[in-house]
Amino acid sequence: MAAGFGTRMRSARPKVLHPIGGRPMIVRVLATISQLSPDHSIVVLGHHAAEVESEIVAHFGRNKVSFAVQGVPQGTGDAARVGMGMLPDGFSGDVMMVYGDMPRISPQTLERFIASHRESGAPLSLVSARPESPGSYGRIVRNSSGAVAAIVEASDATPAELAIDEINTGVYLVDSDLLRRALGELRPANAQGEYYLTDIVAAACRRGFKVHAWTAEHPEEFAGVNSREELSQMESDIRRETNRRLMASGVTLVDPATAYISEEAEIGADTVIGPNVQILGRCRIGAGVVIEGTAWLREVSIGARSFLKLGVRAEDCRIGEDCEIGPFANLRAGTDLEGHNRIGNFVETKQARIGRGSKASHLSYLGDTTIGRETNVGCGVITVNYDGYDKHPTEIGDRCMIGCDTQLVAPVKVGSDVYVASGTTVLRDVPDGALCVSRHPQAVKTGWTEGWRKRHQKPASDGKATARDGK
């Protein structure tokens with residue numbers, strides 16, 4: 001269920017779209033649910049429905065999830081009723097209900113909950129917990145025999161009920177026939193004037209049905225996010241868990257407090273990650289890699305034993321084994337380094353396929369470029385790939401020497417074993433084994449500077465020449 005306003009977030013963005021660990025909350029929840037292989041997944045939308053739906057479809061496609069819209073916000077019970085309307089006619093089976101702002105639930109925990117539900121034989125099961133501070137969670141009220149009798153929301157609870165330490169997490173598993181009947185009995189007779197989903201428990205008890213409460217082993221998995229502070233705290237908790245797992249697997253984190261690493265990242269043993277590093281998305285980093293520090297990596301594959309110096313930025317690219325990158329290199333989307341490459345300081349690459357052993361050590365831009373093996377790109381080389389309307393490719397062969405301050409005006413092809421002299425502008429294709437030069441003869445005019453300065457002087461009021469004002 002993802003129809004809430006998330007008022008306390010103070011945000012124009014729907015609450016369930018705020019990211020946790022690099023993914024929107026609702027996406028994390030649905031990813032967990034999908035691992036249970038449900039027959040149907042239904043998301044109840046409300047606030048910014050189109051925006052939330054678009055984000056979900058972008059991650060899961062159109063056929064994995066169905067959507068129901070709660071037009072008027074009338075509480076969680078009404079949201080469940082709207083969602084039930086999307087099930088096929090005649091559907092019979094268990095219905096699990098989960099809130100879209102519980103991004104830490106694991107599939108293993110839900111599988112244990114399902115197993116306990118089926119073992120109990122109850123038509124309605126819920127997840128309970130005993131946190132240190134029950135706060136605003138609904139309290140689970142039990143009868144004299146210890147059976148679940150009702151759930152009372154904190155806003156409607158008496159002082160005695162608020163003293164109960166067992167809370168309702170908001171996760172339910174209910175027989176579909178019972179759920180339809182119970183939802184039909186809901187009335188907005190409460191402090192909020194809403195249809196409470198929690199009231200299905202009392203409805204089931206009135207009908208004589210057993211209600212099973214499964215106590216969560218790790219209550220923190222069922223924590224919701226209602227404010228920016230809670231969002232930040234959950235982000236920190238997830239990051240610490242990820243870092244602990246990585247260190248236990250053989251990864252060195254020089255400063256875990258400043259290592260921001262996605263749960264989806266895979267990092268090999270004996271890799272060393274320095275301070276102030278962000279590794280986002282589905283990064284794949286091999287064994288023995290060194291990331292010196294202050295790096296930003298997203299959706300990057302890095303081969304074994306590569307060395308990323310200070311200040312590297314890389315996104316949607318592949319870095320092969322035994323590469324040396326940086327400092328202050330920018331590898332943009334589509335960069336593919338075959339291995340044993342050197343991409344040095346202030347080099348930018350984009351859609352660049354660079355063969356094994358080739359290097360660009362200083363101050364170059366290589367865009368829409370294919371470079372062969374064992375080629376050296378000198379300082380200040382630019383592939384001139386954009387004509388104001390379209391991008392054009394540059395091809396450079398094997399074992400080439402591209403001299404400093406060279407411009408390759410695409411589309412252009414340089415063969416293998418080519419030397420391009422420094423300061424050359426390459427306008428046409430260069431065949432294999434050639435020397436390419438486009439220098440103009442050097443002209444020297446002696447005494448020119450003195451004349452230049454005289455031409456830019458004006459007479460002063462005392463008759464002496466002074467320099468003209470200017471910038």
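Which members of region 127-175 meet the condition of being in contact with a Phe, Trp or Tyr (Cβ under 9 Å, 6 or more places away or on another chain) and part of a helix (DSSP H, G or I)?
A154, D156 - these are the residues of region 127-175 that are in contact with a Phe, Trp or Tyr (Cβ under 9 Å, 6 or more places away or on another chain) and part of a helix (DSSP H, G or I).
Would you check if there is a residue in region 214-225 being part of a strand (DSSP E or B), closer than 18 Å to A295 by Cα and not small (G, A, S)?
No, region 214-225 has no match at all.
Do the conditions hold for A287, that is, is it crowded, with 20+ Cβ neighbours inside 10 Å, aliphatic (A, V, I, L, M) and modelled with pLDDT of 95 or more?
Spelling it out, it is not the case that A287 is crowded, with 20+ Cβ neighbours inside 10 Å, aliphatic (A, V, I, L, M) and modelled with pLDDT of 95 or more.
In the list R8, R28, R62, which residue meets the criterion of being crowded, with 18+ Cβ neighbours inside 10 Å and either on the phi < 0 side of the Ramachandran plot or of a type in the set (D, E) (or both)?
After applying the criteria, what remains is R28.
With respect to the numbered conditions (1) in contact with an Asp or Glu (Cβ under 9 Å, 6 or more places away or on another chain); (2) closer than 30 Å to T370 by Cα; (3) modelled with pLDDT of 95 or more, which one is the sole condition not fulfilled by G293?
Condition not satisfied by G293: (3).
Can you name every residue in region 221-239 that is surrounded by 13 or more Cβ atoms within 10 Å (Cβ to Cβ), charged (D, E, K, R) and either farther than 30 Å from R180 by Cα or out of contact with any strand residue (DSSP E or B) (no Cβ under 9 Å at 6 or more places or on another chain) (or both)?
Result: R228, E230, E235, D237, R239.
Output the number of residues of region 83-94 satisfying the condition of being under 31 Å from the mean Cα position of the chain (by Cα) and surrounded by fewer than 21 Cβ atoms within 10 Å (Cβ to Cβ).
Within region 83-94, residues that are under 31 Å from the mean Cα position of the chain (by Cα) and surrounded by fewer than 21 Cβ atoms within 10 Å (Cβ to Cβ) number 1.
Residues to consider are G100, G22, G75, G61; find the one that is under 23 Å from the mean Cα position of the chain (by Cα), closer than 23 Å to S128 by Cα and of a type in the set (G, A, S).
Result: G100 is the single residue among G100, G22, G75, G61 that is under 23 Å from the mean Cα position of the chain (by Cα), closer than 23 Å to S128 by Cα and of a type in the set (G, A, S).
The values are calculated or read from the model by the stated rules, or taken from the named source; none is laboratory data. Just so we're clear, the structure is a prediction, and the values are computed from it rather than from any experiment. In this analysis, Cβ positions are derived from the backbone assuming ideal geometry, glycine residues included, and neighbour counts consider all displayed protein chains.
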